[in-house]
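One structure is given here, and the rest of the page talks about it.
The values are calculated or read from the model by the stated rules, or taken from the named source; none is laboratory data. Nothing here was measured: the structure is a model prediction, and the numbers come from that model. Because the Cβ atoms are built from the backbone with ideal geometry, glycine has one as well, and the counts that use them run over all protein chains shown. These accessible areas exclude ligands, DNA and RNA; they are computed on the full protein's heavy atoms, side chains included. Shrake-Rupley method; radii C 1.70, N 1.55, O 1.52, S 1.80 Å.
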Amino acid sequence: MAEPARIGLSISTRINAPADTLPTYRGFVLAMETVAGASDLPTDVGWTLLDDHGDPDTSQALAEQVAADPTYVGIVGPMGSTEAFANAPVFDRAGLLQVSPCASHPDLCNRGYRTFFRLVPNETVQGTELARIAKNHLNADRAAIVHDADAFGTSVADNFSAGYIDLGGKVVARESFQQGPDEYGDLAGAISASNPQLVFFAVHGHEGVLVSGEIRDRGVAVPFLGTDGLKTSFFLGGGDPGAEAFHTHSGADFSRMPTAAAFREEYVSRWPADSTYSPEAYDSAMMILEALRRSDEPTRSGVFDSFKRLGDSGYTGITGTIRFGETGERLDAPVSFYRVEKAGDRRVMAYQGVTTDIG
């Protein structure tokens, strides 16, 4: 048997979110457990956690260490676009396959990185669909925008704003913030003073809980609309529990996909059912492993060439059929839409369908 191969999991933990609490980590682990000891792989496979803690410099340094080790044949991750901009160029120069479950900045697939692929739609797609929902489905003519100042938040906000204005909507306020502070009073005051008919959010979960709560506390009772990063905010924060809230999810809803039934059963037997991007992390790892299985030789270049063939012909994963365009974008990647509704003393995500089916 050939020399053992390695797969790296590029991830960004936080103090309040260690690796084993992250759905992407859990999805990846399930994939690696699925193939542990598989007799049809050409070599043994191990994996390494590459945790940059959300620091791009650390992400780049880890990538350089991995790139120098020829036993690595694939990378799953990172989760965020900022970290992807730091490590994708390194992996590309090294010819090392990289599949991100959820990094969604449009430029990641427009910079010529041959080895970068992703399983979710980019933020141009998601932002444009959100703008259409805000103007045409929720009938809001005046929107305020709140976003994280990182690459993800800025890109989604830019695309929402452009699409919303093109549809005749007016952006009455736009406020951004850096991760870290827990006080958002000035931002909430500016949003309240703008008298919007809808507040749009492009935020991450921890900050979303706080900033949405501050805005509700200012008496802003209009609908909230956001990306999946705001999902937990609607359950845990956001002030008035009766106020309307909507969000998209640029990934697979494993509770509604027959192809994910077995995965979901195993996942929820071990962890809470909220599984944002765990199916994509699972499929990312399984595609790399399938490319290794089908490769002419179990080397970095052999796995990359095999993956390209697999992505051209189509791979049946738990998130559906996966094919890639020339730039590494997943073809026909869906955006799901939810309304957050009260159910007794709790709130639930009521699935409305994919955005292309929403008027």
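Annotation: residue 48 carries an accessible surface of approximately 40 Å², with a 1.4 Å probe and no ligand, DNA or RNA atoms counted.
For the chain, take the alpha-carbon Rg, divide it by the Kirkwood Rh, and send me Rg/Rh.
0.98
In a solvent-free Debye calculation with one equal scatterer on each Cα, what is log10 I(q)/I(0) for segment 122-209 at q = 0.20, 0.23 Å⁻¹, listed in the order of the q values? The Debye formula, applied to the Cα set alone, gives -0.88, -1.12.
Net charge near residue 72: determine it from the other residues with C-beta under 11 Å of the C-beta of residue 72, scoring Lys and Arg +1 and Asp and Glu -1.
Surrounding charge for residue 72 is +1.
Placing +1 on each Lys and Arg Cβ and -1 on each Asp and Glu Cβ, with no other charges, gives segment 12-109 a dipole about its Cα centre of roughly 180 debye. Which of the listed residues, 77, 246, 286, is farthest toward the dipole's positive end in the chain, when Lys, Arg count +1 and Asp, Glu count -1 at the beta-carbon? Comparing the listed Cα positions along the dipole, 246 ranks first. Here the accessible area is traced with a 1.4 Å probe on the protein chains. For segment 243-359, carbon and sulfur cover 47 percent of it.
Each residue of segment 64-126 gets 68 Å³ once the volume of the Cα convex hull is shared out per residue.
Among the protein heavy atoms of segment 1-149, carbon and sulfur supply 50% of the accessible surface, probe 1.4 Å, non-protein parts ignored. Give the shape of segment 1-105 as rounded, prolate or oblate, defined through the alpha-carbon gyration tensor: a ≥ b ≥ c are the square roots of its eigenvalues, a/c under 1.5 means rounded, and otherwise the shape is prolate if a/b is larger than b/c and oblate if not. Oblate, because a/c is 1.5 or more while a/b does not exceed b/c. Neighbours of residue 21 by Cβ distance under 14 Å: Lys/Arg scored +1, Asp/Glu scored -1, total 0. Rolling a 1.4 Å probe across the protein heavy atoms gives segment 47-103 an accessible surface of 33 Å² per residue. A 1.4 Å probe, protein heavy atoms only, puts the accessible area of residue 47 near 90 Å².
Rounded if a/c is under 1.5, else prolate if a/b beats b/c, else oblate: with a ≥ b ≥ c from the C-alpha gyration tensor eigenvalues square-rooted, which is segment 98-145? Verdict is prolate for segment 98-145.
Net charge within 9 Å of residue 86 by Cβ-Cβ distance, Lys/Arg positive one each and Asp/Glu negative one each, not counting residue 86 itself?
Local charge sum for residue 86: -4.
Give the shape of segment 260-359 as rounded, prolate or oblate, defined through the alpha-carbon gyration tensor: a ≥ b ≥ c are the square roots of its eigenvalues, a/c under 1.5 means rounded, and otherwise the shape is prolate if a/b is larger than b/c and oblate if not. Judged from the Cα gyration tensor, segment 260-359 comes out oblate (a/c at least 1.5, b/c at or above a/b).
Of 204, 105, 247, the residue with the largest accessible area leads and the full order is 204, 105, 247 (1.4 Å probe).
The heavy atoms of residue 332 offer some 150 square angstrom of accessible surface to a 1.4 angstrom probe. Entry comment: accessible area of segment 238-359 is 45 Å² per residue, from protein heavy atoms only and a probe of 1.4 Å.
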